[in-house]
1. Under 8 Å for C-alpha pairs, at least 6 residues apart: give me the relative contact order for region 2-356, rounded to a whole percent.
2. Restricting to DSSP H runs of at least four residues, report the calculated mean residue ellipticity at 222 nm for the chain, -39500 (n - 2.57) per run over all residues, nearest 500 deg cm²/dmol.
3. What relative contact order, as a whole-number percentage, does region 1-157 give when Cα pairs under 8 Å and 6 or more residues apart are counted?
4. Restricting the calculation to Cα positions, tell me the Rg (one decimal) and the Dmax (whole number) of region 30-175 in Å.
5. Which whole-number percent gives the relative contact order of region 159-277, counting Cα pairs below 8 Å spaced six or more residues apart?
6. Quick one: pull the percentage of alpha-carbon pairs in the chain with a separation above 38 Å.
7. How far is the Cα center of region 114-177 from the Cα center of region 193-217, in Å?
8. Checking the cross-link filter: which lysines have an alpha carbon closer than 19 Å to that of residue 155, excluding same-chain neighbours under 8 positions apart?
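Coordinate-derived values only; no laboratory data. Model, not experiment: these values are computed from the prediction.
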Amino acid sequence: MACVMIVFHHLALYGPMSETASAWLPGLVGFFYTYALLAVQVFLVVGGYLNAKSLTRALDQPHLDFQSRLLLRYRRLVIPLLAALSFTVAMTALVRPFFPHSSLSEAPQWGPVLAHIFLLQDVFHLEAFSAGVWYVAIDFQLFVMALLSAFLACKWQSFSNQGSVKQKLLVLWLTLSIISSLIWNLNAKGDMWGTYFFGAYGLGLCVGIWREAVPKVRYRYLILGIVVLGVLATLQQARVRLGVAMVTACLLSIYEARGCPSMPIIQWRWVRQLSNASYAIFLIHFGVSLCVSAVVFNFWPDNIPLNLAGMLTSFGISVALGQLIHRVVEKQEPTWRRVGQWVATFVATCAAVMLVA
């Protein structure tokens, strides 16, 4: 559902279909425009939660292979990203002559192309080729922070004869979450760094490792700690986004406290398919929306029903194409050879656009 909210947030944000459709549904379009972005907090908390589950299993092994896990994460993120960016760059160039809209990015240059490959476009304050690319870079940074914390916890444990490495990792993650919520997250100019978002991500990490780190301490104490942190952060500066992250973390804590029961809705086939393909849908939807927006803008710019239909069509195509990318690209083994293939495809696409422009 968070993925769905983000897709419709970008449809409302970048228009022009939403601008016309808002004549009929101003409240709904306004909701997507203003509030749907809060779904990012769900991504952050759940992402941290799932990463914690993976890392705690890895800590049961004799050796934590820091470098291999780091490079594997990069490959998993960047292969579908480059596939989607190749599509979006090509579509942007295709519609540019017929769709003079502010949502189109500038024609690619070699500096931004290289920055996108290494997830550094926001660090260097370069325009992204697609909406949401910033989140992929932040996700990788957050993973690095979580993994580096695990590495430090292992080193700490090697010098200590008390407690466990998982307890020490919980302390590190909790400390970083508190610092981020009370200090780093207050500086909006730092939102190109993972430290800005670690408050939400770290809550998910703490929920995910709690049972393994302190099995005799009930989850009610974790929930109480989350609430206290939320109150302190709100007193310091009210932030709706942080409130959404706190609520998500509390719900996950309740789920864990109940023994992670099976929920019927998760067994529904369409829910599983949409969830599994959510990353690919997130990556591809902007390129799809450009194509659909260009068609509607040129043929029916003032037709309210057709602009509404255009938004729904864009969503439907994004879901279908995202599921295809998930099966064909994302689910395949993320080897360095495949990284090279998609880097070559992305570079060739950008070079072709530069030659034509």
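1. Values: 439 pairs, mean separation 109.1, N = 355.
Worked out over region 2-356, it gives 31 percent.
2. Details: 16 runs with 259 residues, N = 357.
Mean residue ellipticity at 222 nm (helix-derived): -24000 deg cm²/dmol.
3. 22 percent
4. Rg and Dmax of region 30-175, Cα atoms, are 19.4, 68 Å.
5. Details: 87 pairs, mean separation 28.7, N = 119.
Reported relative contact order: 24 percent.
6. Numbers: 12726 of 63546 pairs.
Everything past 38 Å amounts to 20 percent.
7. Going from one Cα centre to the other spans 12 Å.
8. 166, 168
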